Amino acid sequence: FDPRHYVGTHCYGFPKTGPHRLRFLLESVKDLRETLKKKGSTLVVRKGKPEDVVRDLITQLGSVSTVVFHEEVREIL
């Protein structure tokens with residue numbers, strides 16, 4: 001969870017993620033974790049800036065050969 005998604009936007013100061021969306025995200029992550037657990041897997045969940053969290057996770061795991069990600073599309077006004 002990137003903390004930058006829970007502060008006001010640069011346009012109008014509205015939060016990117018309000019309380020209802022946050023609840024939905026948390027419930028979805030919990031459900032995904034439970035589903036993966038039933039299949040013998042797990043889900044790693046971290047809070048922080050992705051560029052820091054992913055680097056630290058790779059260092060911790062030590063044997064990562066591939067990292068895949070997508071960048072948020074930002075509307076240019």
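The chymotrypsin sites (Phe, Trp or Tyr not before Pro) of the chain that meet both conditions, a loop assignment by DSSP and at most 11 other Cβ atoms within 10 Å of the site Cβ, are TYR12, PHE69.
With all protein chains kept in place, the per residue accessible area of the chain amounts to 94 square angstrom at a probe of 1.4 angstrom. Here LYS39 is the anchor, and the lysines within straight C-alpha reach of less than 27 Å, apart from those fewer than 8 places off in the same chain, are LYS30, LYS47. For a modelled paramagnetic label at TYR6, 7 Å from Cα along Cα-to-Cβ, the residues of the range 35-72 in reach, with backbone nitrogen under 13 Å, are 46-49. Computing FRET efficiency as 1/(1 + (r/R0)^6) for SER65 and THR42, where r is the C-beta to C-beta distance and R0 is 25 Å, gives about 0.85. Relative to the longest principal axis of the Cα atoms of the chain, the long axis of helix 19-38 makes an angle of roughly 10 degrees.
The values are calculated or read from the model by the stated rules, or taken from the named source; none is laboratory data. Please read all numbers here as calculations on a predicted model, not as lab measurements. All Cβ positions, even for glycine, are placed from backbone atoms using ideal geometry, and neighbour counts span all protein chains on display. Heads up: the accessible areas ignore ligands, DNA and RNA and are worked out on the full protein's heavy atoms, side chains in. Shrake-Rupley method; radii C 1.70, N 1.55, O 1.52, S 1.80 Å.
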